[in-house]
Amino acid sequence: MSLPLTLLFVPLALGVVVNGIFGAKLSQRVAGIVGCAAIGLSFLGGIVAFSGVRAGTLDDVSLYQWIAAGSLSIDAAFRFDALSAVMTLVVTGVSFLIHIYSVGYMNHEDRRGFSRFFAYLNLFVFAMLILVLGDSYLLMFVGWEGVGLCSYLLIGFWYQRGPRNPGETYPSQAGKKAFVVNRIGDFGFLLGMFFIFLNTGSLRFDDVFHAAEAGGISASALKAITLLLFVGAIGKSAQLPLHVWLPDAMQGPTSVSALIHAATMVTAGVYMVARSHVLYTLAQTGEIVAWFGILTAVFAATMAIASFDIKGVLAYSTISQLGYMFVGVGLGAYSAGIAHLMTHAFFKGLMFLAAGSVLHAMHDELDMRKMGGLLKKTPITFVTFFVGALAIAGFPLLSGFFSKDAILLAAFQHNGAIFWIGLLTAFLTAFYMFRLIAITFFGEPRDYTLFAHAHESPPSMTFPLLALAALSAAAGALLGFTEDGPFYAFLNPMFHGEHAEGGSSLPMILSIVAAIAGILIGWRAYVGKPAEALSRANPVVALWRRKWFVDELYDFLIVHPLRWTSDRVLWRIVDNRIIDGLVNLTASAAWLGGAGLRTAHSGIVQTYAFAILAGAVILVAAALLR
């Protein structure tokens, strides 16, 4: 095994084993060191891999033949190229900071829970690296299912807890919801893989792409394959209509939310589409991907505007920003989509961890209507969150500005309708982010009891905030997130020299105006507003606050019919009457047969003699009549 591969996977595997098996006997300090050291070494492996790819000294690595069945032959092989190198750095780097933060955030857990948590975190990153580095759709799917399993374990980590407020989802229910909804998308992914194998006889990326470029896959089959794969991406990246699991996933610990939203699971769909760019380009189905993305982006933004759950706002924001990424990769601006994935990992990871710091200060209170004035009590949290909010709003020269501008430029050049909806979403993003800041950090405290006990988080939590704030602010300029910068020069050859057509400055000017307008209006509308005024809502906002009644619609159209069918048909008729009826009928037949034979076994000699005589007469009669 090569050095990068060893560093990437072996420490994480050891971290899972040590904390997973022996964690109950370890102190919190030792369990935390093991978990953080594992991801730290993996991050070092990511740096080595990135350097090797950039220098051209690192090739793909094949470990052994994994599957050999008929014409299907799959190796356990890992792919090192520009795309996987960038993703590996993002996954391990952001996860490393989240692990450090978790040491402080989860210190109230007992030893067993604390070590179990770090075992799950290490396993999550391990699965995500398999997804990113696998050199076939099948190995990618192994990682795909691995992150799905880990998300179930981590979202439901506090499985013994009830809901925070009446009507909310239990952590265990939220974990199950994420698991079930993702299985719907995974079914599409599986069908896509079956179609790929039927048409190419292979699941290796190189074989599949070469076959597609050589005309070995018909146009209709290509469209079917890309759309089925995209169904998987919709589920994993929480796009319409399979977005419903992500807001409920906030029932897990906040550092889990940061890990899922910033570095791992939800980015898998975007990565998969970018990895399959050859198929999407040939099939010309990218515009469908872009439309799903932009409609999801504006839809989620409306719910973020109406939510008072501080983590809920960030969850809807993630769904919206993922929509932007799908616009980028859907319109062929693959590097721009991956750039936004990278900057989003910085500022969304930052804002989730800062939200966790707010919860830490407010005794786990999520409702922003009970907050206010926290700037005085949590200055580091405020400053870092403010930087993240500016970045996601697309404020000039911050990291989000470069990546979002590149996506809007692609939309401006390819589809005017998508561009204008994207611009509206940019305004809404800036609006709801500064609405959150105005309500949470400024004005008078709305709950003086909570405010009196509020305090800044310990250094183990504030250090990751400061590091991510620095990346959110400066990554765009330092890494060269411009069309001619080093980042695009590194990634573009992966996508056959993709480049923007022309350099119109109009989209950039309009996006800056939208961002600044959203910031100012969001700030002025909500700063210093009392809780009663915040709670009032017109019918449109009330609709957004009820999440467009999508959960109720799913309940009405799918859950209740299934439950009614299970109860009234499958259980009462099929199970109770048909299956149980057949079993009972068999038993009754046996009982009746036994009862009939029992009368012949009376113990009376005369009866037996009569039976023998009757039998003899019947046999003689039968012989004479032949």
Please determine whether any residue of segment 150-164 is open to solvent by 70 Å² or more (accessible area, probe 1.4 Å) and aliphatic (A, V, I, L, M). no
Name the pairs whose Cβ atoms lie under 7 Å apart, with the first residue in segment 244-264 and acidic (D, E), the second part of a helix (DSSP H, G or I) and at pLDDT below 90, and 6 or more positions between them or separate chains? none
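Collect the residues in segment 24-70 that are aliphatic (A, V, I, L, M), touching a residue at least 12 places away in the same chain (Cβ under 8 Å) and under 17 Å from S84 (Cβ atoms), keeping them in residue-number order. Steps first, answer last, please.
So in segment 24-70, the residues aliphatic (A, V, I, L, M) come out as 24, 26, 30-31, 33-34, 37-39, 41, 44, 47-49, 53, 55, 58, 61, 63, 67-69.
Then drop every residue that is not touching a residue at least 12 places away in the same chain (Cβ under 8 Å), which leaves 24, 26, 31, 34, 37-39, 41, 44, 47-49, 53, 58, 61, 63, 67.
Matches in segment 24-70: L44, I47, V48, A49, V53, L58, V61, L63.
Is at least one residue of segment 402-417 surrounded by fewer than 17 Cβ atoms within 10 Å (Cβ to Cβ), out of contact with any Ser or Thr (no Cβ under 6 Å at 6 or more places or on another chain) and not small (G, A, S)?
So the first thing to find is which residues in segment 402-417 are surrounded by fewer than 17 Cβ atoms within 10 Å (Cβ to Cβ), and the list is 416-417.
Filter once more, keeping what is out of contact with any Ser or Thr (no Cβ under 6 Å at 6 or more places or on another chain): 416-417.
Still in the list and also not small (G, A, S): none.
There is no residue in segment 402-417 that is surrounded by fewer than 17 Cβ atoms within 10 Å (Cβ to Cβ), out of contact with any Ser or Thr (no Cβ under 6 Å at 6 or more places or on another chain) and not small (G, A, S).
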Which pairs have Cβ atoms under 6 Å, sit 6 or more apart or on different chains, and link a residue in segment 376-396 that is modelled with pLDDT of 95 or more to one that is open to solvent by 30 Å² or more (accessible area, probe 1.4 Å) and of a type in the set (G, A, S)? V387/A473
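Every residue, every condition in (1) closer than 26 Å to A258 by Cα; (2) modelled with pLDDT of 95 or more, yes or no:
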residue: S403; (1), (2): yes, no
residue: L409; (1), (2): no, no
residue: I437; (1), (2): yes, yes
residue: D447; (1), (2): no, no
residue: F451; (1), (2): yes, no
residue: P459; (1), (2): yes, no
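Return a yes/no flag: does segment 29-42 have any residue that is of a type in the set (D, E, K, R) and in a helix (DSSP H, G or I).
The initial filter retains those residues of segment 29-42 that are of a type in the set (D, E, K, R), namely 29.
Of the ones still in play, those that are also in a helix (DSSP H, G or I) are 29.
Yes: one or more hits.
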Taking segment 437-453 on its own, how many of its residues are open to solvent by 10 Å² or more (accessible area, probe 1.4 Å) and either out of contact with any Leu (no Cβ under 8 Å at 6 or more places or on another chain) or not in a helix (DSSP H, G or I) (or both)? 11
Output the residues belonging to segment 533-568 that are among the hydrophobic types (A, V, I, L, M, F, W, C), more than 21 Å from A174 (Cα to Cα) and open to solvent by 100 Å² or more (accessible area, probe 1.4 Å). W564
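Helices (runs of 4 or more DSSP H) wholly in segment 284-395 with at least 1 residues that are among the acidic types (D, E) and open to solvent by 10 Å² or more (accessible area, probe 1.4 Å) - which ones?
Numbers: elements: 286-306, 310-330, 334-361, 379-393.
Because the criterion is at least 1 residues that are among the acidic types (D, E) and open to solvent by 10 Å² or more (accessible area, probe 1.4 Å), the helices (runs of 4 or more DSSP H) in segment 284-395 that meet it are 286-306.
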Give all pairs with beta carbons closer than 7 Å in which a residue from segment 72-99 that is farther than 25 Å from H496 by Cβ meets a residue that is among the small types (G, A, S) and open to solvent by 10 Å² or more (accessible area, probe 1.4 Å); count only pairs at least 6 apart in sequence or on separate chains. D75/S62; F96/G40; L97/A467
Name the residues in segment 521-533 that are under 14 Å from F442 (Cα atoms) and of a type in the set (A, V, I, L, M), would you? A525, V527, A531
Name the single residue, out of those in segment 438-494 being of a type in the set (V, I, T) and farther than 27 Å from G518 by Cα, that is nearest to the chain's Cα centre (by Cα). T462
If we keep only residues of segment 209-267 that are closer than 18 Å to F292 by Cβ and of a type in the set (D, E, K, R), then the residue surrounded by the most Cβ atoms within 10 Å (Cβ to Cβ) is K236
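Name the residue, out of L123, L139, L131, that is under 24 Å from L240 (Cβ atoms), in contact (Cβ under 8 Å) with a residue 60 or more places away in the chain and crowded, with 19+ Cβ neighbours inside 10 Å. Give the steps one after another, and end with the answer.
On the way: L123 fails: under 24 Å from L240 (Cβ atoms); L139 fails: under 24 Å from L240 (Cβ atoms).
Every option except L131 fails the conditions.
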Using the structure shown, decide if L123 is part of a helix (DSSP H, G or I) and in contact with a Cys (Cβ under 6 Å, 6 or more places away or on another chain). yes
Looking at L3, is it touching a residue at least 40 places away in the same chain (Cβ under 8 Å) and surrounded by fewer than 14 Cβ atoms within 10 Å (Cβ to Cβ)? yes
Give me a count of the residues in segment 84-98 that are hydrophobic (A, V, I, L, M, F, W, C), farther than 18 Å from A336 by Cβ and in contact with a Leu (Cβ under 8 Å, 6 or more places away or on another chain). 4
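Can you name the residue in segment 50-66 that is hydrophobic (A, V, I, L, M, F, W, C) and farther than 14 Å from G134 by Cα and, of all such residues, is farthest from the chain's Cα centre (by Cα)? I'd like the intermediate steps shown before the answer.
Going residue by residue through segment 50-66, those that are hydrophobic (A, V, I, L, M, F, W, C) are 50, 53, 55, 58, 61, 63, 66.
Applying the additional criterion that residues be farther than 14 Å from G134 by Cα yields 50, 53, 55, 58.
Working: F50: 25, V53: 27, A55: 32, L58: 30 Å.
Selected residue: A55.
Considering I100, I67, which residue is in a helix (DSSP H, G or I) and open to solvent by 10 Å² or more (accessible area, probe 1.4 Å)? Steps first, answer last, please.
Numbers: I67 fails: in a helix (DSSP H, G or I).
Just one listed residue meets the conditions, I100.
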Can you tell me which residue is surrounded by the fewest Cβ atoms within 10 Å (Cβ to Cβ) among those in segment 454-471 that are assigned to a loop (DSSP other than H, G, I, E, B) and of a type outside the set (G, A, S)? H455
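The values are calculated or read from the model by the stated rules, or taken from the named source; none is laboratory data. Keep in mind that what you see is a predicted model, and the values were worked out from it rather than measured. Counting neighbours? That spans all protein chains shown, and the Cβs are built from the backbone with ideal geometry, glycine included. Ligands, DNA and RNA are excluded from the accessible area calculation, which covers all protein heavy atoms including side chains. Shrake-Rupley method; radii C 1.70, N 1.55, O 1.52, S 1.80 Å.
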